[in-house]
Amino acid sequence: MVPFTVPAWLPLLLLLSFLVAVKKVMESKKRHPPGPPALPLIGNMHQLGKLAHQSLYQMSKKYGPVIRLKLGSVPLVVVSSPETAREILKVHDTDTCSRPKLLGTGNYSYNYLDIAFAPFGEYWREMRKISVLELFSNKRVQSFRFIREEEVDSLVESVSQSAASKSPVDLSEKLLFLTANVIWRVAFGGSFEENKCESGVFQEKVNEATSLMGCFAASDFFPCVGWIVDRITGLHGRLKKSAKEMDIFLQKTIDKHEGKKVEEGKEDIVDVLLKIEKQQKEQGSVTLTRSHIKAILMDVFIAGIDTAEITMVWALTELMRNPRVMKKVQAEIREVVGNKGKVSEDDLEKLAYLNMAVKETWRLHPPGPLLIPREVISPFKINGYNIYPKTRVQVNAWAIGRDPKVWKDPEEFLPERFAGSSIDFKGQHFELLPFGGGRRGCPGINMGNTLLQLALANLLYRFDWKLPDGMSKEDIDMEEAPGLTVHKKTHLELIPVSCI
Ligand code: HEM
């Protein structure tokens, strides 16, 4: 009989098989959401493409409304239906209300940058309270009405000159100038024109900061080696320069406001913040520091300027592609306003069809298609899947706007779909989320919405619009440009024809 000897490697093999089996059981207990297979090290980064919201939309068609990916070492969960968005923004709002590390923050010596991305905590709570109660309250937004009206008048005036010479207007450029002027005056007082030199330079800095926001910093996803990659690609240098320039500019602006006497109701945002700082000092409870003031100003500029411009450009683009809708919107505005010469903010609530056309624009073109990433702070379940702390969560508002279970003929631009519907855009209806929702939702809804509706209404009241010679509506380019906010890739150029 041959003696039975156990090969030396067998116990090792058994142990390994046992460990693999245990790992599998543990993994299955974890019940992660489904998603595409990930590569070692980079995870699913290579599958996101330039327009991540579109790639994620395609993945959600295959894997369902809750999917999980990996960006380097960071788990990412993306939800793409109204029900799952509600779970994140309402049911698990507190579990997911932090912001992840963005753009390698923490690696720079500018405290205000870390605060601007505001992870959940005392700082953020305080800032949110100031934003909602002091900066963007209805009363405050009303106090800036004269700024919106003056700037829209000046836009109409400049478009009239192009109409007189029958030359095309670059609306992407003009509307960005409008929103930048308004936000500049709201935040810093004075006028963009008065401060042309300074504000022009500042606008360049904001553009650079906004474009940086759309970049992926390797240090956010590869904690050990990412910082080397960011240095090699030059991203670190760009960020450092941008942060320093912004800091110097904001400091100078705050210094100029200090000690300035301002009438109640005429304050700009810097005045309001300095007043709160002073009150807190008097009460001995300082929570608002200079870094906070700078962080709030940064947020206002980055979040407030291009979002309203993007909405107006896509709205006008869709109207040019849909002449029936264009006619109906113009007829409504001209009937309501009559021969008053211009649309005022009081008229806006009577313009129901314009309001529907704006909602329809946001359904198809939410300016921030994936909102701003959230970070999980306590574990929870969604659709039976476990979600763990430190997971990034994104809501694909772009995909929700195209969900055929919610919207009939989702690719059609049909404002009438909102007639008699209660769906609004303020974060309570998860089918339409241009401003996000929950505690991280946009605090500037009234400010943004009033400005863009006023500008659109006046442009549509005062002018008819033609495509440049030789172009038909089928030639209009609908391509999106990559970024955290999604612009129309090519500028919208149209010829205005004066109507009154
Ligand atoms: C059409 C105009 C606008 C749109 C579509 C828009 C959209 C958004 C979205 C999608 C978010 C992220 C919400 C989330 O993650 O749930 C956001 C956040 C924010 N928005 Fe707006 N926004 C607009 C105008 C403005 C304006 C005019 C301001 C200020 C002047 C502003 C200030 C902010 C701030 C400070 C945040 C960060 C909130 C936080 O993290 O707590 N936005 N906005």
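Among the conditions (1) open to solvent by less than 10 Å² (accessible area, probe 1.4 Å); (2) under 26 Å from Lys350 (Cβ atoms); (3) touching a strand residue (DSSP E or B) at 6+ places or on another chain (Cβ under 9 Å); (4) not in a helix (DSSP H, G or I), the only one that Trp465 does not satisfy is (1). The selection criterion, being more than 16 Å from the ligand (Cβ to nearest atom) and either of a type in the set (Gly, Ala, Ser) or within 27 Å of the chain's Cα centre (by Cα) (or both), holds for Ser167. Screening the candidates Arg439, Arg374, Arg363, Arg392 for the property of being within 11 Å of the ligand (Cβ to nearest atom), basic (Lys, Arg) and open to solvent by less than 50 Å² (accessible area, probe 1.4 Å) yields one hit, Arg374.
Of all residues in the stretch 451-486, those being over 27 Å from Glu332 (Cβ atoms) and at pLDDT 95 or above number 4.
Modelled with pLDDT under 95, out of contact with any strand residue (DSSP E or B) (no Cβ under 6 Å at 6 or more places or on another chain) and within 15 Å of the ligand (Cβ to nearest atom) - does that describe any residue in the stretch 271-278? Outline the logic, then answer.
Our first condition is that a residue be modelled with pLDDT under 95; within the stretch 271-278, this holds for 271-278.
Narrowing the set further to residues that are out of contact with any strand residue (DSSP E or B) (no Cβ under 6 Å at 6 or more places or on another chain) leaves 271-278.
If we keep only those that are within 15 Å of the ligand (Cβ to nearest atom) too, we end up with 272-273.
Yes - at least one qualifying residue is present in the stretch 271-278.
Among the residues making up the stretch 395-422, those that are surrounded by 17 or more Cβ atoms within 10 Å (Cβ to Cβ) and part of a helix (DSSP H, G or I) are Ala397, Trp398, Ala399, Ile400, Pro415, Arg417, Phe418. Filtered by the rule that a residue be modelled with pLDDT under 75, open to solvent by less than 20 Å² (accessible area, probe 1.4 Å) and within 13 Å of the ligand (Cβ to nearest atom), the stretch 87-120 gives Ile115, Ala116, Ala118.
Of everything listed in (1) open to solvent by 30 Å² or more (accessible area, probe 1.4 Å); (2) of a type outside the set (A, V, I, L, M, F, W, C); (3) in contact with a helix residue (DSSP H, G or I) (Cβ under 8 Å, 6 or more places away or on another chain); (4) within 16 Å of the ligand (Cβ to nearest atom), the single unmet condition for Pro434 is (1).
Checking each residue of the stretch 398-414 against the condition of being more than 7 Å from the ligand (Cβ to nearest atom), touching a residue at least 12 places away in the same chain (Cβ under 8 Å) and closer than 30 Å to Lys340 by Cβ gives at least one match.
The values are calculated or read from the model by the stated rules, or taken from the named source; none is laboratory data. Note that the structure is a prediction, hence the values are computed from the model and not measured. With ideal geometry, Cβ positions are generated from the backbone for all residues, glycine too; neighbour counts draw on all protein chains shown. Ligands, DNA and RNA are excluded from the accessible area calculation, which covers all protein heavy atoms including side chains. Shrake-Rupley method; radii C 1.70, N 1.55, O 1.52, S 1.80 Å.
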